[in-house]
Amino acid sequence: MSENSVSKISKTESTYDQTIAISPSSSYDLSAAERLTPKRTYTTTIPSKELLFYRIGFYTVLALGSIILLFTLNGFYLSERMVWNTYIGPVNVGGKTISEARNLFEEYLGEFNQVNISLRTNKGVFVVSNAGFGATYDVESALIHAYKKGHSEYFWINQRERFSSVFSSQTIKPQ
């Protein structure tokens, strides 16, 4: 080969031709050219029935173990908290302890009492705050009622209520 020659390598296994330029300072490296050509062949094999049953069994045990782990973690977390998606009026107290829920609800009542209401009558417009109506709420009984959901003496009823609270909400009306 001459110094500035161009060689053409063609293989019957590949679907294309490669042209490699060789410079005077470099040597001809066939391994570099071969790295560019596809050499792998892929075959599909069907696993044996035994291997298939082992895989199905493995993934079934893995899925059941994950579900049991999630139930256990959910039950442990909610052991001293209210179940998910529990509302006292418009306040979401789900996943909160009784003291956290009390603070949230009292904060809401503070904001609610500051809202002004306009009443229009034949004698004119009267502006009254919600606190002017003198409404009172029994926060403690609402909190106790909300806490009892998912905290009965029966284990399976607790688990059912805790699990169903993830998908549905329950609203408790304060009195």
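Here are a few things to note about the model shown:
- Radius, Kirkwood style, for the stretch 52-168 when every pair of distinct Cα atoms is counted (Å): 17.5 Å
- DSSP beta bridge pairing in the stretch 80-175, given as percent antiparallel to the nearest 5: 75 percent
- Two-site FRET efficiency, I157 against F76, from Cβ-Cβ distance with R₀ of 25 Å, rounded to 0.05: 0.90
- At R0 = 22 Å, FRET efficiency that the Cβ-Cβ distance of V61 and S164 yields, to 0.05: 0.30
- Spin-label model, T136 to N113: label points 7 Å out along the Cα-to-beta-carbon direction sit 1.2 nm apart.
- Among the protein heavy atoms of the stretch 120-175, carbon and sulfur supply 57% of the accessible surface, probe 1.4 Å, non-protein parts ignored.
- Spin-label model distance (nm) - L51 vs S99, 7 Å beyond Cα toward Cβ: 5.9 nm
The values are calculated or read from the model by the stated rules, or taken from the named source; none is laboratory data. Because the structure is a prediction, the values reported are computed rather than measured. Neighbour counts run over all protein chains shown; Cβ positions are idealised from the backbone, glycine included. Surface accessibility is based on the protein's heavy atoms, side chains included, excluding ligands, DNA and RNA. Shrake-Rupley method; radii C 1.70, N 1.55, O 1.52, S 1.80 Å.
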